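First the structure, in the form of structure tokens, and then the observations on it.
Please treat every number below as a calculation from the coordinates, not as lab data. Since the structure is predicted, the reported quantities are computational estimates derived from the model, not experimental observations. Neighbour counts run over all protein chains shown; Cβ positions are idealised from the backbone, glycine included.
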Amino acid sequence: MIEKLVIGTRGSKLALWQANYVADLLKARYPAIQVVLKNIVTTGDKILDVPLAKIGGKGLFTKELEKELLSGEIDLAVHSLKDMPTQLPPGLTLGAVTERMDARDALVSDTYTGVDTLPQGARVGTSSLRRKAQLLHYRPDLIIKDLRGNLDTRLAKLRNSELDAIVLAVAGLTRLNWERHIAQILPEDICLPAVGQGALAIETRENDEAVLNVLSCLHHEQTAQITVAERAFLNWVEGNCQVPIGVYGRITEEGLVLQAVILSVDGRLRLEDRETGHLEDAYQIGARLAQRMYNSGGREILAELRDTQEARS
């Protein structure tokens, strides 16, 4: 019987909320187990003045936690699933994926009520290539400014800078009870969410059967399968560079419906498609959609993006 579980987490308000949420669920289910948190600073937390796409992307927020998992210093790590690379280090696995909250993005502004009310040439802050490209496709006049930092830091920058609005995940704002800051939840035809956005990923060692059994109470199978489709699409498309894509799966009368968009960074080129199928075929649905979009215009968009990134490096 496990006597103690050590949860690794980043130190931001949102990360601590997420880790404490998982800890509270585990304590309620297993009151005899001592559950403690360990704060770990990641590379992504240290480097705040460079866009993520230029310094390595998602793994920047997970690498240090994964090192501590592999060394046995912690037993599990709590991440936002959208921050997880599609390929995990050997020896690690996703022990649980929690039920998804609202996956959409929100426009946050103290002055304007939505993206359509922003003035010509409005300055919008986001660190996401995905958000940038989709906003520029819808509003080519917008000036997108890179915005890094934790949620509270980004909100402070909105008030202390010349930004007219910023874009954040609805789920993060909701978890911190900051829904009052939302001016508009962006419709999916303007901004499709990131892969896995709104769900939490619990990472642990793949051979640690005791911990995996404990984590089973946190697992939401439908969310897990939907995000398998999303992550399969990302894995097939992304390669070794950061790509402006949005992917969102949902369950409808048709079954699992996966919608995706691939864009150039400036939003000028935009390719959208969807795929449906049975939930148990989630991975194949994501791979089929990615391959079809790649062969129907995605190849050219991705080639242009890679050429641009290589020229800048």
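Dipole of the chain, Cα-centred, from +1 at each Lys and Arg C-beta and -1 at each Asp and Glu C-beta, to the nearest 20 debye?
760 debye
Could you tell me the relative contact order of the stretch 230-312? Use alpha-carbon pairs under 8 Å, at least six residues apart, and round to a whole percent.
The normalised contact order for the stretch 230-312 reaches 29 percent.
Sum up the charges of everything whose Cβ sits under 12 Å from the Cβ of residue 192, counting Lys and Arg as +1 and Asp and Glu as -1, but leave residue 192 out.
Overall, the nearby charge balance is 0.
Which whole number in µm²/s is D for the stretch 105-185 by Stokes-Einstein, with the Kirkwood Rh taken over Cα pairs at 20 °C and 1.002 mPa s?
Stokes-Einstein gives a translational diffusion coefficient of 172 µm²/s.
Within 10 Å of each residue's Cβ, count the other Cβ atoms and sort 204, 42, 62, 111 from fewest upward.
In increasing order of surrounding Cβ atoms, one gets 111, 42, 204, 62.
Please report, in whole Å³, the volume per residue of the convex hull around the C-alpha atoms of the chain.
In the chain, the Cα convex hull volume per residue is 134 Å³.
So how far apart, in nm, are the two label points at residue 250 and residue 146 if each is 7 Å from Cα heading toward Cβ?
In this crude spin-label approximation the distance works out to 3.4 nm.
Considering only DSSP beta bridges where both residues belong to the chain, give the percentage that are antiparallel (nearest 5).
That works out to approximately 70 percent antiparallel.
Given the rule -39500 (n - 2.57) for each run of at least 4 DSSP H residues, summed and divided by the residues of the chain, what is its mean residue ellipticity at 222 nm, to the nearest 500 deg cm²/dmol?
Computed mean residue ellipticity for the chain: -10500 deg cm²/dmol.
In the chain, if the dipole is taken from +1 on Lys/Arg beta carbons and -1 on Asp/Glu beta carbons about the Cα centre, which of 282, 211, 181 is farthest to the positive end?
181
Rg to Rh ratio, the stretch 230-312, alpha-carbon atoms and Kirkwood radius?
Here Rg/Rh amounts to 1.01.
Mind pulling up the Rg/Rh value for the stretch 139-296? Radius of gyration and Kirkwood radius, both on Cα.
Using only Cα positions, Rg/Rh for the stretch 139-296 is 1.00.
Assuming a ≥ b ≥ c are the square roots of the Cα gyration tensor eigenvalues, decide whether the stretch 115-160 counts as rounded (a/c under 1.5), prolate (otherwise, with a/b larger than b/c) or oblate.
oblate
Cα-Cα over 24 Å: which of 38/132; 38/63; 132/157; 27/63?
In this structure, 38/132; 27/63 lie more than 24 Å apart at Cα.
Whole percent per 10 Å bin, from 0 to the bin with the longest distance: what is P(r) over all C-alpha pairs of the stretch 173-235?
The percentages, shortest bin first, are 16, 35, 34, 13, 3.
Skipping prolines and chain starts, which residues have an amide H placed within reach, meaning under 5 Å, of the one on residue 269, given they are 5 or more residues away or on another chain?
The answer is 264.
Using per-residue counts of other Cβ atoms within 10 Å, averaged over each peptide, order 93-102, 270-279 from highest down.
Highest mean packing first, the order is 93-102, 270-279.
Assuming 0.36 nm per residue, please report the length gained on full extension of the stretch residue 278 to residue 211 beyond their Cα-Cα distance.
Stretched out fully, the residue 278 to residue 211 stretch lengthens by 21.1 nm.
Full-extension gain between residue 33 and residue 111, please, as 0.36 nm times their residue separation minus the C-alpha to C-alpha distance.
Computed gain between residue 33 and residue 111 is 23.3 nm.
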